[in-house]
Each structure stands twice: as C-alpha cells, then as structure tokens.
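J.: The following block contains the structure, expressed as structure tokens.
The values are calculated or read from the model by the stated rules, or taken from the named source; none is laboratory data. No experiment lies behind these values; they were computed from the predicted model shown. For neighbour counting, all protein chains shown are included, and Cβ atoms are generated from backbone atoms with ideal geometry for every residue, glycine included.
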Amino acid sequence: MAEWTKDESGMILLRPLAGYETAVVAETACALRIEHGSGHAEKPGLEAVQLVLTSAQARALAGALLRMADRAERLPPPGTPRN
C-alpha cells in the first residue's frame, strides 16, 4: 500500500477536488486532468495534475472510485470506531 503524505501531527494531507476533465488522446490513451485546491494559505487557488492512463487503468480507477463511494455512503455498524 502507498505511503500517504501527512502533516506534522500525523493527519493525512488532503486537497479539495475542484473539478476534472477527461479526454482520449492519440485514439488509444485516456487523459485525466484533476483540479484541486492548492492547500497553500499564502497562495490560495487551484492547481492541477494531468495524467495519462491505459484503458485498463481507467477501468480499474473507475471501479475503485465506485467501491469507495459505496463504502462512504454506508453507515458503519453501531460501536464501530471511526477513522
């Protein structure tokens, strides 16, 4: 599993999703642009990362996002510790 970037207190650093766009490039590759909040108090605004994915990676990512959304929408059983 990947190592998450954390702050000094051990909390995972997160940036708010501002938007995304997709495209097919060179008729065979999937392009994904993700815009997010900069996370810089002194320089607020948006930053973006542009990624290229194979169709298999795009399908795997889509499946992982759907599973994550399903899990986030389910309430944990009573007495379950929260993260």
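J.: Looking at region 1-41, which of the residues that are surrounded by 11 or more Cβ atoms within 10 Å (Cβ to Cβ) and at pLDDT below 90 is farthest from VAL52 (Cα to Cα)?
T.: GLY39
J.: Looking at (1) hydroxyl-bearing (Ser, Thr, Tyr); (2) over 27 Å from ASP7 (Cα atoms); (3) within 15 Å of the chain's Cα centre (by Cα), find the lone condition where THR28 falls short.
T.: So THR28 meets the others, but not (3).
J.: Sort out which residues of region 42-66 are loosely packed, with under 10 Cβ neighbours inside 10 Å and not hydrophobic (A, V, I, L, M, F, W, C), and write them in order of number.
T.: Passing the criteria: GLU42, LYS43, PRO44, GLY45.
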